[in-house]
Amino acid sequence: MTALAPEPITRPADVAAELAALLAPGSALRRNEPLARRTTLRVGGPAEIYVEPADESELAKALRFCRDHDVPFFLLGRGSNLLIRDGGIRGVVIHLGAPAFSRIAVEGEQFRCGAGAKLKDIALTAKRHGLGGLEFLEGIPGNLGGALRMNAGAMNAWTFEGVASLRFMDYNGVAHDRAAREVETTYRSCPLLKSAVALGAVLKGRPAPREQIEAKLAECQQKRWTSQPKEPSAGCIFKNTKTVPAGRLVDELGLKGTRVGGAVVSDVHGNFIINDGTATARDVLALIEVIRTAARAERGIELDTEVEIVGEEE
Ligand code: EPU
């Protein structure tokens, strides 16, 4: 006799009730959770169902529940490279915000870090232990999970350059550890993590004189403070092209200061769109199209967005 496949659950209230009944008290589940404040750009609608699993076994439960009942889910990280549309995100939004996911443990010259650990905290922990090589992480707003997923970079260094091994969970709720050399990465992408959840990584430091680490950290901070805007943004909007950095291209096209509603091309750096406090996702998306159209028409260049765009139109 074959077991019948579980019925898809369609009503958000039923999904929320069934999932809540499955999770342990240490996990959080809320409906209609505002997400704009959970992104650095500060736009976008709510999560239909928002879950913060307490630990890996709770995350596994949530993933299996979504698989078994055909419920769409989305992994929300620090929200620093993310544009959520104004209609919000349907299904379950999972955020690894619980303390179990953000540990940073120093083991000799390596750090075992959870996906929820802030990149800045990792860089500063490395400094405290006299370990260099990870200073560039200070310059990237976000947490480790997102940086792994998009192989984030700054100062000509990439996240995976500092990774010894990766820990991730597949969508069946099974955790794996894999040596970084066995994980494919490209500019701004780790394809494996497009269909798996980053749980963390072991990062490699190398002993270095304290002054050298401090100088490198200061250089990263300085670069960010002088060349990038301080207003809310999603970081770089476009990937650099093979021929020209996107920021320079936008600058050369004379588009700095261009505005749609509350979204403005930064005067400081052409590859940043800032939110003046009143922007909607629709404004930002319209401004992205203004830039892409100009790049195509005037320079024959197709700009690809680096920022991840998700959710429903309003
Ligand atoms: N430039 C201009 N005008 C501008 C902006 C830049 O002429 O308005 C020129 C700069 O003078 C420079 C070149 O364009 O010659 C590149 O600019 P920059 O050095 O600022 O670096 P980027 O390529 O624009 C990259 C990453 C950033 C990272 C910085 C710092 C991409 C898409 N961006 O920016 O990452 O912070 O290097 O290392 O690869 C992000 O991923 O969100 C991000 C901001």
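The values are calculated or read from the model by the stated rules, or taken from the named source; none is laboratory data. Please read these numbers as outputs of a predicted model, since none were measured by experiment. We place every Cβ from the backbone using ideal geometry, glycine too, and count neighbours over all the protein chains shown. Side chains are part of the model used for accessible areas, which takes the heavy atoms of the whole protein and leaves out ligands, DNA and RNA. Shrake-Rupley method; radii C 1.70, N 1.55, O 1.52, S 1.80 Å.
On segment 102-226, 48 percent of the accessible area sits on carbon and sulfur atoms, based on a 1.4 Å probe.
Taking Lys and Arg as +1 and Asp and Glu as -1, the other residues whose beta-carbon sits under 14 Å from that of Glu306 total +1.
Accessible area per residue was computed with a 1.4 Å probe on protein heavy atoms; Glu219 scores about 100 Å².
Springs between Cα atoms under 10 Å define the GNM used for the chain, and in it the highest mean-square fluctuation of Gly146, Gly114, Gly130 occurs at Gly130. Which of Phe136, His69, Gln110 sits closest to the plus end of the dipole of segment 60-158, meaning its Cα is farthest towards the positive end, when Lys and Arg get +1 and Asp and Glu get -1 on the C-beta? Final value for the positive-end residue is His69. Ordering 255-263, 34-42 by mean Cβ neighbour count within 10 Å, with the highest value first, yields 34-42, 255-263. Probing with 1.4 Å while keeping every protein chain in the model, the per residue accessible area of the chain equals 48 Å². For the chain, modelled as a GNM with alpha-carbon contacts under 10 angstrom, which of Gly153, Gly247, Gly300 fluctuates the most? Looking only at Gly153, Gly247, Gly300, the largest GNM fluctuation is found for Gly300.
Divide by every residue of the chain the summed helix terms, -39500 (n - 2.57) for each DSSP H run of at least 4, and state the resulting mean residue ellipticity at 222 nm, rounded to the nearest 500 deg cm²/dmol.
It lands at -8500 deg cm²/dmol.
Positive end of the dipole of segment 102-226 (Cβ unit charges, origin at the Cα centre): among Gly205, Gly145, Thr159, the Cα lying farthest that way belongs to Gly145. For segment 102-226, a Kirkwood radius taken over Cα pairs fed into Stokes-Einstein (25 °C, viscosity 0.890 mPa s) yields D = 171 µm²/s.
Solvent-accessible surface of protein heavy atoms, probed at 1.4 angstrom with all chains present, puts Ile9, Ile49 in the order Ile9, Ile49, largest first.
Remark on segment 12-99: Rg and Dmax equal 12.3, 34 Å (Cα only).
Checked against a 20 Å cut-off, the cross-linked pairs Lys61/Lys204; Lys120/Lys223; Lys216/Lys256; Lys120/Lys204; Lys194/Lys223 give Cα-Cα distances beyond that limit for Lys61/Lys204; Lys216/Lys256; Lys194/Lys223.
Shown for segment 39-100: the carbon plus sulfur share of the solvent-accessible area, taken with all protein chains present and a 1.4 angstrom probe, equals 45%. For the residues Leu249, Leu119, Leu59, a GNM of the chain with alpha-carbon springs under 10 Å puts the largest fluctuation on Leu249.
Calculated translational diffusion coefficient of segment 138-290 (37 °C, 0.692 mPa s; Stokes-Einstein with Kirkwood radius over alpha-carbon pairs) equals 188 µm²/s. Computed about the Cα centre, the dipole magnitude for the chain is approximately 680 debye when only Lys and Arg (+1) and Asp and Glu (-1) carry charge, each at its Cβ.
Considering all alpha-carbon pairs of segment 229-310, what whole percent are spaced by more than 22 angstrom?
Summing the P(r) tail past 22 Å for segment 229-310 gives 13 percent.
In this rough spin-label picture, where each label sits 7 Å from Cα along the Cβ direction, the Glu314-Asp55 distance is 4.2 nm. Think of each Lys and Arg Cβ as +1 and each Asp and Glu Cβ as -1; about the Cα centre, that makes the dipole of segment 102-226 roughly 180 debye. For the chain, the Kirkwood estimate of hydrodynamic radius, built from reciprocal distances between every pair of different alpha carbons, is 20.6 Å.
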